[in-house]
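So the structure is just underneath, and the comments pick up after that.
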Amino acid sequence: MKRGKTSEKPTIAIIAGSGLYQMEGLTNVKELRVGTPFGQPSDALIVGDLEGTRVVFLARHGRHHHLSPSEINYRANIYALKKIGVERIVSVSAVGSMKESLQPGEVVIPHQFLDQTKRRISTFFESGVVAHVAMADPVCPDVAEKLAQAVRKSGGTVHVGGSYLCIEGPQFSTRAESMVYRQWGVDVIGMTNLPEAKLAREAELCYATMALVTDYDCWHTEHETVTVEGVIATLHRNVALSRQVIRTVVPSLIGGRTCACATALASAVITSRIAPRARQRLHLLLGAGAKKKVKDS
């Protein structure tokens, strides 16, 4: 790993999951260990130059995949990225398909999320500070569109829109659950992205998902039930595509932001008096984004 110094801050982050634990093609690389008020991120932040753009790469489960979906410190991950200057996040995730038309090996760019988790902390605002950010449209439309364009340019098959169902895991669905989810009309199923999307919105970061379809969960009677071996085998075939997509999309994500993500906290903080300790814990969020006038107690 080549190391070097740079004064330019990375404004684009890649959060990668199962099967993609490092980003090839990075130059002028350095590792950052970033502390947060919420603990440590999943791993060191890998900062480097990609296609002439400074980016940061984070292995969601750690480089050795030692964190289950329920154990990931999502708050620390998002806060750390915000702390070093990130504005846009591309999430790369393995998902199961809940529809016949979404085949293994293809890519979905979901526009909606549905939460079926039970053990996740998915907000920064607690212990004395309350904020209600809008989540009607949880994905940044600008990043999602550019991500879809990059998949097409890279030769992949992409489906734009649809819903990502986030379950707790780490077990895969029972067949009964899978059939119920099908009735709900969701498109793909995964275990990680909804805490990220909610926290990214609270941190005023743009967020979109490149969902790599690896299987048909367990609802499809003509296909084998989902297994780790099957997921990883398909992911390995998709690694080259995902890396090419990232290289293609990164140069298009630089520059100023005009989306609503950048001002998500403008009127979201409802607490009228914030204790100094709480303000210190959230100063990175309150100082940069919250326009609502609040007073220290």
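The values are calculated or read from the model by the stated rules, or taken from the named source; none is laboratory data. All values derive from a computational prediction rather than experimental measurement. All Cβ positions, glycine included, derive from the backbone under ideal geometry; neighbour counts span all protein chains shown.
There is no residue in segment 154-173 that is over 16 Å from the mean Cα position of the chain (by Cα), closer than 25 Å to Val86 by Cα and buried (at least 24 other Cβ atoms within 10 Å of the Cβ).
Is one or more of the residues making up segment 170-186 among the β-branched types (Val, Ile, Thr) and touching a helix residue (DSSP H, G or I) at 6+ places or on another chain (Cβ under 7 Å)? Scanning segment 170-186, I find no residue that is among the β-branched types (Val, Ile, Thr) and touching a helix residue (DSSP H, G or I) at 6+ places or on another chain (Cβ under 7 Å), so the answer is no. Does segment 42-52 contain at least one residue that is polar (S, T, N, Q) and closer than 14 Å to Ala13 by Cβ? Yes: one or more hits. Being in contact with a Lys or Arg (Cβ under 7 Å, 6 or more places away or on another chain) and within 23 Å of Leu235 (Cα to Cα) is a description that does not apply to Leu45. Do we find a residue being surrounded by 16 or more Cβ atoms within 10 Å (Cβ to Cβ), aromatic (Phe, Trp, Tyr), modelled with pLDDT of 95 or more and touching an Asp or Glu at 6+ places or on another chain (Cβ under 9 Å) anywhere in segment 56-66? The answer is no, given that none of the residues of segment 56-66 is surrounded by 16 or more Cβ atoms within 10 Å (Cβ to Cβ), aromatic (Phe, Trp, Tyr), modelled with pLDDT of 95 or more and touching an Asp or Glu at 6+ places or on another chain (Cβ under 9 Å).
Among the residues making up segment 114-140, those that are in contact (Cβ under 8 Å) with a residue 24 or more places away in the chain and out of contact with any helix residue (DSSP H, G or I) (no Cβ under 9 Å at 6 or more places or on another chain) are Lys118, Arg119, Val130, His132.
Every test in (1) exposed (fewer than 14 other Cβ atoms within 10 Å of the Cβ); (2) of a type in the set (Val, Ile, Thr); (3) modelled with pLDDT of 95 or more is passed by Thr258 save one, and that test is (3). The set of residues in segment 70-98 being out of contact with any Gly (no Cβ under 8 Å at 6 or more places or on another chain) and assigned to a loop (DSSP other than H, G, I, E, B) consists of Glu71, Ile72, Ile84, Gly85, Val86, Glu87, Met98. Among the conditions (1) aliphatic (A, V, I, L, M); (2) modelled with pLDDT of 95 or more; (3) more than 30 Å from Ser267 (Cα to Cα); (4) touching a helix residue (DSSP H, G or I) at 6+ places or on another chain (Cβ under 7 Å), Ala148 misses just one, which is (4).
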